Amino acid sequence: MTLLAIDNLSKSFGGLMAVNDVSFDVEAGSIVGLIGPNGAGKTTVFNLITGNYQPNAGTVLFDGQNLVGLPTHTIVERGIARTFQTIRLFQNMSVLENVLAGGHCRMHSGSVAAMLRTKTQRREEHESMRQAMAELEFVSLAHEWKNKAKNLSYGNQRLLEIARALATKPKLIVLDEPAGGMNDQETHDLIRLIRVIQDRGITVLLIEHDMGLVMRVCSSLVVLEHGAKIASGTPAEIQANPRVIEAYLGVDSDE
Amino acid sequence: MEEFFQQLTNGLAVGGIYALIALGYTMVYGVMKLINFAHGDLFTIGAYLGLTLLVSMGLFDKIGPLPAVILLAIMVMILVAIIGAILERVAYRPLRQSPRLSAVVSALGASIFFQNAIMAIYSPKFLVYPHDILPKAAVNILGLDIPIMRIIMFSTSLVLMAALYFFIQKTKIGTAIRAAAIDQGAAKLMGINVDRVIMLVFCIGPALGGAAGLMVGLYYGQINFSMGWMFGLKAFTAAILGGIGNIPGAMVGGLLLGVIEALGAAYISIAWKDAIAFCVLILILIVRPTGLLGERVAEKV
Amino acid sequence: MKSTNILYLAFALLMASCPMFLNAYWTDVFNNVGLYTILALSLNVILGHAGLFHMGHAAFYAIGAYTTAILNTTFGIPVLWSMPLAGIMAGIFAMIVARPIIHLRGDYLLIVTIGIVEIVRIALINNVFDITGGANGIFGISRPTVFGYKISKPDQFFYLIWGFAAVTIFLFLRLEHSRFGRALMYIKEDEVAAGGSGINVPHHKLVAFIIGAVWAGMCGTIYASKMTIIAPESFSFAESVVLFTIVILGGAGSIPGVILGAFLLIGLPEVFRGLAEYRMLVFGAAMVLMMIFRNQGLLPPGPKNYDIASLLPAGGRK
């Protein structure tokens, strides 16, 4: 079943058409890759999905409901979590605290319950600690729980962002260049991680420039260029698509 | 109708003062993204220095009112400019790389320091400028008797503003200031000595504020160590009204606020006069925070 | 948490024994320190934890004090009974004024809050709704009575004020170490990341304002009944500056820091009473110097302890 349906999505900034009438679907349980040359509008599409930008036109249907106009935190509550292209961790806070932030929307205790330390509140706190540590174990960062986020290596910071996103218990996780700055071994581990995320029943939508990763892990791809969708299909189909090749490599000037 | 024009001219005269002070806020904010809380106190210092120089040098008796006032203004402007530069060097430059809040607190501390220094050096009481030195006559324009001092004040403000505008738009240094306000990093790469630019801004802004202080002393006749607070906050409102960081905006905002305040005091209620400025401030920040002429500050989302 | 608990207990015992050693004058100084401690702690929720630049806190204090004063002198409601009402009124006021400004960027929010506190002061002076008594304020406020026992002397007020302070510290510590407290931390650190993690940023900012306001309002009740006279000039922008400075210099976001800040900024000048003229001069200079040399405050918040010993992986590094 279609978990996410993007229809005729458009966004312009001043005179620049960053996203131009883009439509594509994401099937539940799949791993979909959004690729294209730099400046194609991929991150803008992500920002439109997560509510950081508002589109000029089009709809974003998630589980049958239109997300356009909803604030970001509501979209997270509905079940879409994201990581950022430029890492946006709480740098001066500990690894554990970063992941706990993700757990926030799945808890309910407010300020009054906090002051009164009700039984529900205490139970909830303990439960969220447990889940936060579980997510850290999942990305193999449990031993770093006390460390400040800014002290982690770049690759580990990306993993921490994923752990935080997973702590929101999403149905769909949106990864913006998760392999950025990773070496081969780390990328290999990341591929395995993405597959295990899929095993947990979470759908994955990612932007990536590392073609090796994309071709190996994605079940389908959507290609953008200059804000418009130019192709979609399986990795094999995309690799053979002349329009895509042209977009990435340019046209030979002799032809 | 006559009342209206009286209030209008009154508002413009006071508005000119607000504009001169507002320019100081806006220029500093433009290049440093800092609200210089101590700026109002530089205005106060101008008023006090003016009084001291006036009384101690007895200029009016020696060279006549008009040359005396001009000389006085020049001296006050230079002195306050120096103090402004010192302020920047001591309280703000060490905090260039620190979070914004630190500079805010430092500015507050400097403001408290200045106010209490004035109180300690002079007196907590209201001090009085000599009365009989300036023309009290009224000039008849279009059937209205308008005090000549009002006209002088307004014209002086206009002259200073025009001079500043010319300086900013037409000279090389002025362009450097504008460049630094838009993007400090890029300005540095273009060979602009940003430290010098900032120092210059902290000379010009306070100089204008000091001149405004002198004018207020001459016009209203009495000064007090806390006058910078009210005037400063209203001038800041004017700067926001016109668009913080925007120099023509500060000029327009100042004049506009002066008029709104004068008319409001006359037609609504004089007791709430001071509140008018604050209401304008809050309204603008909620409805149109970039101000009337737009914020000329590069915004990073 | 254990070692800090012991420190708090020791502090509490020390404070409880104070009135036995201090004369009336110094007891009153400590009473002032106590009031400012509570006020600063309430501002700390807004400024220290949530990171909102708020310089209008005196407005909430004023509304609480005036609510009690009016209810007491006009309707004869006993002072302590009016305390929750004072808090609620301040909270409602906070809710109304904070909502439209909550999204403003740091410096702008600062300026607007200054405008708000000034408008409140001017409204009080102008006898708005004809109940505030104008520039002279309201007098004849009764003293608090607890089960028939009237509190009027400094050492009696000492226990009332510091008792309330103790309750405040206790509740705010719990607030800090909770989902809500963490949400404020995240918002202060990086608003966009907080929103992206699923935190409702505007809601939490507003609640922070309301909590701070309610507490300041209740503090206003105690102030009103202690002074029996209140007037607009007690609630000026200058008061807000003092509170703001206590929080920032003490250590924004740190409860012990704020307490220390209150003691230093309110108590220390009393030690130098003789040099009254130069106190504020030193104050201003100290602010500048602190920002240059130690801008995180005297006692900045430390890393938080989490009760996860049972959850750590076997053999994992602690």
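No value in this document is a laboratory result; all are computed from the given coordinates. Not measured: the values here are computed from a predicted model. Note: ideal-geometry Cβ built from the backbone for every residue, glycine included; neighbour counts use all protein chains shown.
Listed values, structure above:
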item: Cβ neighbours within 10 Å from other chains - mean over A:140-147; result: 4
item: Shape of the stretch C:100-204, Cα gyration tensor, a/c cut at 1.5; result: oblate
item: The stretch C:36-234 shape via C-alpha gyration tensor axes, a/c threshold 1.5; result: oblate
item: Cα gyration tensor category, rounded, prolate or oblate, for the protein assembly as shown with a/c compared to 1.5; result: oblate
item: Inter-chain Cβ neighbour average for residues C:186-194, partner chain, 10 Å; result: 5
item: 12 Å cut-off, amide nitrogen to a point 7 angstrom out along C:Arg273 Cα→Cβ, residues in the stretch C:4-41; result: C:23-30
item: For C:Trp162, B:Trp229, C:Trp26, C:Trp215, order by how many other beta-carbon atoms lie within 10 Å, fewest first; result: C:Trp26, B:Trp229, C:Trp162, C:Trp215
item: Efficiency of FRET from Cβ geometry, A:Asn56 and C:His103, R₀ 30 Å, rounded to 0.05; result: 0.85
item: Magnitude of the charge dipole, the stretch A:92-168, Cβ model with Lys/Arg +1 and Asp/Glu -1, debye to 20; result: 200 debye
item: Label point distance in nm, B:Val90-C:Met20, each placed 7 Å from Cα along Cα→Cβ; result: 4.8 nm
item: Relative contact order (%) - the stretch C:36-234, alpha-carbon pairs under 8 angstrom, separation at least six; result: 45 percent
item: Whole-angstrom Cα spans of chain B along principal axes, big to small; result: 55, 44, 37
item: Helical contribution to [θ] at 222 nm, DSSP H n ≥ 4, -39,500 (n - 2.57), averaged over chain A, rounded to 500; result: -11500 deg cm²/dmol
item: At least 30 Å along the helix axis (C-alpha) and Kyte average at least 1.0, DSSP helices within chain C; result: C:154-176
item: Length released on extending from A:Asn183 to A:Asp7, taking residue separation times 0.36 nm less the Cα-Cα span; result: 59.8 nm
item: Shielding of A:68-77 by partner chains, average beta-carbon count, 10 Å; result: 4
item: Residues C:Val271, C:Val247, A:Val22, sorted so that the one with the fewest Cβ neighbours within 10 Å comes first; result: C:Val271, A:Val22, C:Val247
item: Cα long-axis angle, helix B:247-267 against chain B (0 to 90 degrees, to the nearest 10); result: 40 degrees
item: For peptides C:70-76, C:58-64, sequence by mean Cβ density within 10 Å, most packed first; result: C:58-64, C:70-76
item: With Cα atoms, 0 to 90° folded angle of helix B:100-121 axis to chain B main axis; result: 30 degrees
item: Cα Rg over Rh - the stretch B:162-301, Kirkwood; result: 1.02
item: Degrees, to the nearest 10: B:227-242 long Cα axis against longest axis of chain B; result: 60 degrees
item: MRE, 222 nm, helices only [DSSP H, n ≥ 4, -39500 (n - 2.57), over chain B, to nearest 500]; result: -24500 deg cm²/dmol
item: Helical contribution to [θ] at 222 nm, DSSP H n ≥ 4, -39,500 (n - 2.57), averaged over chain C, rounded to 500; result: -22000 deg cm²/dmol
item: Segment B:Met57-B:Val128, length gained on full extension (0.36 nm per residue, minus Cα span); result: 23.9 nm
item: In nm, spacing of pseudo-spin labels at A:Asn151 and B:Leu71 (7 Å Cα→C-beta vector); result: 6.8 nm
item: Mean separation of Cα contacts under 8 Å (6+ apart) over length of chain A, as relative contact order %; result: 27 percent
item: Approximate spin-label separation B:Arg288-C:Leu312, in nm, with each point projected 7 Å along Cα-to-Cβ; result: 6.0 nm
item: Two-site FRET efficiency, C:Glu191 against C:Met95, from Cβ-Cβ distance with R₀ of 25 Å, rounded to 0.05; result: 0.75
item: 20 °C / 1.002 mPa s Stokes-Einstein diffusion coefficient of the stretch A:92-168, Kirkwood radius on C-alpha pairs, µm²/s; result: 169 µm²/s
item: Burial order of peptide ranges B:216-228, A:174-186 (average beta-carbon count within 10 Å, highest first); result: B:216-228, A:174-186
item: Extension gain, A:Arg192 back to A:Glu127 (0.36 nm per residue minus Cα-Cα distance, nm); result: 20.7 nm
item: Violating pairs (Cα-Cα greater than 27 angstrom) within the set A:Lys169/C:Lys205; B:Lys125/C:Lys226; A:Lys171/C:Lys304; A:Lys42/C:Lys205; A:Lys148/C:Lys188; result: B:Lys125/C:Lys226; A:Lys171/C:Lys304; A:Lys42/C:Lys205
